[in-house]
Amino acid sequence: MEKVNCLIIGSGPAGYTAAIYAGRANLNPVLYEGLQPGGQLTTTTDVENFPGYPEGVNGMQLMDDLRNQAARFGADLRGGFAVAADLSSSPYKVTIDNNQVIETETLIIATGAAAKYLGLEDEKKYAGMGVSACATCDGFFYRKKVVAVVGGGDTACEEAVYLAGLASKVYLIVRKPYLRASQIMQDRVMNHEKIEVLFEHNAEGLFGDNGVEGVHLVKRLGEADESHYDLPIDGFFLAIGHKPNSDIFKAYLDTDETGYIQTLIPGNPRTKIPGVFAAGDVADSEFRQAITAAASGCKAALEAERYLSAKGLI
């Protein structure tokens, strides 16, 4: 069993930023990068809203830059996936890849949240080429273009309204004959001149030669008057929710009904277990931005340093 002072699980902006700060504080952090080193941003093409890149930056390049910076300050970056955790007593134990157990005085959980997809093969085919799960991240690229948003809840309505401020036309694809969103969001969508709601519609697939050029739709799926048609669009946005990667920690930490880890104080990464911190999208159901994740990673590392110092371990 290996013993460390600071263990970081996850390698998105929160994890790598935590590693940068923990490394500079001489905490000798060990970070396991998980199944997707770099996190969700590695599936994004250009990132234009991360500070310090006035011309924008490729998502993969941004994460490589953060990773290299963490390595520069001595973070031990490793491949591996956390499969189990025991937070019942300090030091805490995390099992990596079913065989190696790491014992740690502080744990920074930065495992992120995965966007939910419809399960269409075309979603993978056109990833980064017209398919997105973040309007705030990618909407800028669809100025004066036609886009579709899938979903019927508050998030879908919010994304549709946001995109309507950029795009020339927004279709909201809703499989039910009604919206599940709050009344105020329903009103905003239904009264917006650029948004058209397609009730009782399902997306069956996407088409296009050099990216998304349209969506295959079916109206009233399974009913006698079921009909199929193609709708020309330039972008396809998923807004059907996210699943926080928090399963292995739920037995010990408080989570909301979706699975987001609850911290003791909003804006602070401390959880109810001393020495355990949650950073990034695994604890953020509201913003889910690279910059807010990076900020929470910074806070988590600073809190870990204070915790270890108070215990006389550094």
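The values are calculated or read from the model by the stated rules, or taken from the named source; none is laboratory data. Keep in mind the model is a prediction, meaning the values are calculated, not measured. Cβ sites come from the backbone with ideal geometry, for glycine too, and all protein chains shown count toward neighbours.
Please go through the range 299-314 and pick out each residue that is surrounded by 19 or more Cβ atoms within 10 Å (Cβ to Cβ) and either of a type in the set (Lys, Arg) or within 18 Å of the chain's Cα centre (by Cα) (or both). If the condition is that a residue be surrounded by 19 or more Cβ atoms within 10 Å (Cβ to Cβ) and either of a type in the set (Lys, Arg) or within 18 Å of the chain's Cα centre (by Cα) (or both), then Lys299, Ala300 are the ones that fit.
Of all residues in the range 244-264, those that are in the same structural domain as Tyr92 (by TED's automatic domain parsing) have Cβ atoms under 6 Å from Cβ atoms of residues that are assigned to a loop (DSSP other than H, G, I, E, B) and hydrophobic (A, V, I, L, M, F, W, C), 6 or more apart or on another chain, in Tyr252/Leu87; Ile261/Leu253.
Entry remark, the range 265-295: residues being out of contact with any Pro (no Cβ under 8 Å at 6 or more places or on another chain) and either acidic (Asp, Glu) or not assigned by TED's automatic domain parsing to the domain that holds Ala14 (or both) number 2 in total.
The residue that is nearest to the chain's Cα centre (by Cα), counting only those in the range 1-40 that are of a type in the set (S, T, N, Q) and surrounded by 19 or more Cβ atoms within 10 Å (Cβ to Cβ), is Gln40.
Residues in the range 142-157 that are modelled with pLDDT of 95 or more, surrounded by fewer than 19 Cβ atoms within 10 Å (Cβ to Cβ) and not in a loop (DSSP other than H, G, I, E, B): Val146 only.
When Glu226, Glu204 are checked against the criterion of being in contact (Cβ under 8 Å) with a residue 12 or more places away in the chain and more than 22 Å from the chain's Cα centre (by Cα), Glu204 stands alone in meeting it. Scanning the range 158-184 for residues that are at pLDDT 95 or above and buried (at least 17 other Cβ atoms within 10 Å of the Cβ) yields a total of 14. Output the residues belonging to the range 91-139 that are among the hydroxyl-bearing types (Ser, Thr, Tyr), crowded, with 17+ Cβ neighbours inside 10 Å and in a loop (DSSP other than H, G, I, E, B). Scanning the range 91-139 gives Thr111, Tyr126.
Is it the case that some residue within the range 179-202 is acidic (Asp, Glu) and part of a strand (DSSP E or B)? Walk me through it before giving the result.
Here is the first cut: in the range 179-202, the ones acidic (Asp, Glu) are 187, 193, 196, 200.
If we keep only those that are part of a strand (DSSP E or B) too, we end up with 196.
So far as the range 179-202 goes, yes, one or more of its residues are acidic (Asp, Glu) and part of a strand (DSSP E or B).
Residue-level analysis places Ala82 among those that are at pLDDT 95 or above, in the same structural domain as Gly15 (by TED's automatic domain parsing), under 24 Å from Thr271 (Cα atoms) and touching a Gly at 6+ places or on another chain (Cβ under 9 Å).
Just checking: which of the strands (runs of 3 or more DSSP E) contained wholly in the range 209-314 hold 3 or more residues that are within 30 Å of Gln61 (Cβ to Cβ)? It would help to see each step written out before you state the result.
Numbers: elements: 214-219, 227-232, 235-238, 242-244, 276-278.
Those strands (runs of 3 or more DSSP E) span 235-238, 242-244.
Please determine whether any residue of the range 160-172 is in contact with a Phe, Trp or Tyr (Cβ under 7 Å, 6 or more places away or on another chain), in a loop (DSSP other than H, G, I, E, B) and either touching a residue at least 60 places away in the same chain (Cβ under 8 Å) or more than 16 Å from Glu286 (Cβ to Cβ) (or both). Yes, because at least one residue in the range 160-172 is in contact with a Phe, Trp or Tyr (Cβ under 7 Å, 6 or more places away or on another chain), in a loop (DSSP other than H, G, I, E, B) and either touching a residue at least 60 places away in the same chain (Cβ under 8 Å) or more than 16 Å from Glu286 (Cβ to Cβ) (or both).
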